[in-house]
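Asks: Structure incoming, see below.
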Amino acid sequence: THVRFMRRSAAPALFIMLARAAASQAAAAVHPEHEVGALVRARAVASRAPTEVVVGSREGGEHEGAEWWERHDSLFRQARAEWGQKHAELYDFAAHEEDFVDPALLALVRAAEADAASGLPVDERELKAHLRPTNMAGVYRLRLLTPRFCEMLLEELHHLAASGVPTRRPNGMNRFGAILEDVPGGL
């Protein structure tokens, strides 16, 4: 009798499970885009990327698979949004500029802006003193971003790469670059 009881109680559960599966299939037939999320669909599209997108070329790289990228742009954007951001503060740079911009440079720029707003002449010598020469004539370097910002940016890019959604490269010579505008929220 115990076995019969299990069979009787399992039958309604099995019926409910089958009914739900049938309803899900019917809904998917009417609205196939709702069956699977954008992230899953984008990963599937990425697995069928044309060779020039996957392998690339050394010339004309900015046009590699352009039609393919344009055709799937909306899906990839939806998938990245579905995947989400790792560091939301990166997407509101102005609110976090004190954390992201080198403090010495930020102070110099703010002082120059204040002088200009007050009608005072801007002393460019201090700004130019922040520039560091390189071994190339006419080429300088400066500390612009904080190490924290750089770490967070790299973490964000690694996070996006882990999504499985393809990342369009800026050109054919740059296999590891990313177009930051394509990042959710547009860095």
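The values are calculated or read from the model by the stated rules, or taken from the named source; none is laboratory data. Being a predicted model, the structure only gives us computed values, none of them experimental. Note: ideal-geometry Cβ built from the backbone for every residue, glycine included; neighbour counts use all protein chains shown.
Asks: Considering every residue within region 9-18, establish whether at least one is at pLDDT below 90 and outside any helix (DSSP H, G or I).
Replies: No, region 9-18 contains no residue that is at pLDDT below 90 and outside any helix (DSSP H, G or I).
Asks: Looking for something out of contact with any helix residue (DSSP H, G or I) (no Cβ under 8 Å at 6 or more places or on another chain), closer than 27 Å to ALA79 by Cβ and of a type in the set (A, V, I, L, M, F, W, C) - is there at least one such residue anywhere in region 106-123?
Replies: No, region 106-123 has no match at all.
Asks: Read through the list (1) at pLDDT 90 or above; (2) surrounded by fewer than 11 Cβ atoms within 10 Å (Cβ to Cβ); (3) closer than 29 Å to GLU89 by Cα, then give the number of the only condition that GLU156 fails.
Replies: (2)
Asks: Report those helices (runs of 4 or more DSSP H) wholly inside region 44-103 carrying at least 1 residues which are at pLDDT 90 or above.
Replies: 66-83, 97-100
Asks: Look at LEU127 and say whether it is over 31 Å from the mean Cα position of the chain (by Cα), in a helix (DSSP H, G or I) and farther than 25 Å from GLU151 by Cα.
Replies: yes
Asks: Quick check on region 97-114. Is at least one of its residues closer than 26 Å to GLY164 by Cβ and either out of contact with any Asp or Glu (no Cβ under 8 Å at 6 or more places or on another chain) or surrounded by 12 or more Cβ atoms within 10 Å (Cβ to Cβ) (or both)?
Replies: Taking every residue of region 97-114 in turn, none turns out to be closer than 26 Å to GLY164 by Cβ and either out of contact with any Asp or Glu (no Cβ under 8 Å at 6 or more places or on another chain) or surrounded by 12 or more Cβ atoms within 10 Å (Cβ to Cβ) (or both).
Asks: Let me ask you something else. Give the residue that is farthest from LEU157 (Cα to Cα), with candidates limited to residues of region 84-96 that are of a type outside the set (S, T, N, Q) and surrounded by 14 or more Cβ atoms within 10 Å (Cβ to Cβ).
Replies: Among them, the one singled out is HIS96.
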